[in-house]
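Novice: Structure below; questions to follow.
The values are calculated or read from the model by the stated rules, or taken from the named source; none is laboratory data. Bear in mind the structure is a predicted one, so any value in this text is a computation, not a measurement. Positions of Cβ are generated from backbone atoms using ideal geometry, with glycine treated the same way; all protein chains shown enter the neighbour counts.
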Amino acid sequence: MIYPLLPIFLAGVLGANASFIGAIEGAAESTASLLKLLSGWWSDKVATRKPFVVVGYLIASIVRPFTAATHNATQVLGIRVTDRIGKGLRTSPRDALLADSAPPESRGLAYGFHAAADNTGAVLGPLVAFLLLKLHGVGALDTSRHLSAHDEHAIRNVFWLSAIPAAIAMLILIFVVRDVKRSDTKSKSSETPGESSKLSRRFWAYLVVVLLFTLGNSTDAFLLLRANQLGVPVALAPILWAVLNFVKAATGTYGGQLSDRVGRKPLIVGGWLLYAAVYFAFGWAGAPWQAWALFAVYGVFYGMTEGTEKALVADIVPRIRRGAAFGWYNLAIGLGALPASLIFGWIWDRSGAPSAFVFGASLALVAAILMAIVAPASRLSEAK
């Protein structure tokens, strides 16, 4: 409910420019990534991972709705960073818990289904936001001018009401989700956070390529701003976001399952090439319908790679090191997120949106080539 409206709120209500929006998103994700390494390592050393997941989601559920009370972009930055602290605590233990719960031959399916379920919620949230905006009488607006007091009030109400699904999610997490007890926590897994002696060269090669791709993968908030430039009205931004997440949800399970059959690398390489093509197209698009079409195709990229990339991590590391491995993986993505969004926003402000999108597409293309050449293929027999 919040995310598709946030860049519009920042630009049209709080007056933030593209560079500052990129800084907010990049700083938030980088903060999360530093904690993902620590929480993943810590979850390897204890017998249960669920407490990390519960606390992480609880923090996010409490602070996100308070975006409605902000009056400047710096306050939004503080809320986003706190929100991502919660994400940092939960993500790596949750990813490892999924690997602990699924058989190796269905690991891609498990991660794909998780991504699809997550994205299904991201479809329903923007649809609810759209309906709420319509009930408030919000029409076609753009971020080139300050939004009216009426429209600002409507957006703030949507932010407050997001506390309701957050509370429901917490109840399900606490009372329904089951933990997987492990008996391997007393072994010598590691003595320092992120200690890497038992993670192979195959894993590190993969991580370097992922980092390179991430440097060209700026926040999706820029896609929403680009869509608005192309003529998609502000009131339809939640619907556009819902379209993206609908495609992600519809393709995620199949993409993960397909990686169980044909291998992780072909899906990742193909997905990154598709990403490059979409970003090139976003740079040179000139009509609203093109934004809608590109958002839909962009969702296929997520379906091909979102679960597959994590399944490959679980495949190439031993079970006892999964938490730390996912910590390093998420750290690489998060550390790349800050410079990626800052560079993208800087290029946008100085050379225009087309140049920024060409930059992102070029890095994705290079990363896809390197993935095909140097990154490892999964070997499920080793991962059991």
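Novice: For segment 316-334, what are the residues that are modelled with pLDDT of 90 or more and not small (Gly, Ala, Ser)?
Specialist: 326, 328, 329
Novice: Can I ask one more? Can you confirm whether segment 13-30 contains a residue that is buried (at least 20 other Cβ atoms within 10 Å of the Cβ) and either at positive phi or of a type in the set (D, E, K, R) (or both)?
Specialist: Yes, segment 13-30 contains at least one residue that is buried (at least 20 other Cβ atoms within 10 Å of the Cβ) and either at positive phi or of a type in the set (D, E, K, R) (or both).
Novice: Give, as residue ranges, the helices (runs of 4 or more DSSP H) completely inside segment 1-98 that count at least 2 residues that are touching a Phe, Trp or Tyr at 6+ places or on another chain (Cβ under 7 Å) and over 18 Å from residue 221 (Cβ atoms).
Specialist: Filter on segment 1-98 gives 18-45.
Novice: Hey, another quick one. Just wondering, is there one or more residues in segment 61-75 that are without any contact (Cβ under 8 Å) to a residue 12 or more places away in the chain, out of contact with any Ser or Thr (no Cβ under 7 Å at 6 or more places or on another chain) and within 16 Å of residue 178 (Cα to Cα)?
Specialist: No, every residue in segment 61-75 fails to be without any contact (Cβ under 8 Å) to a residue 12 or more places away in the chain, out of contact with any Ser or Thr (no Cβ under 7 Å at 6 or more places or on another chain) and within 16 Å of residue 178 (Cα to Cα).
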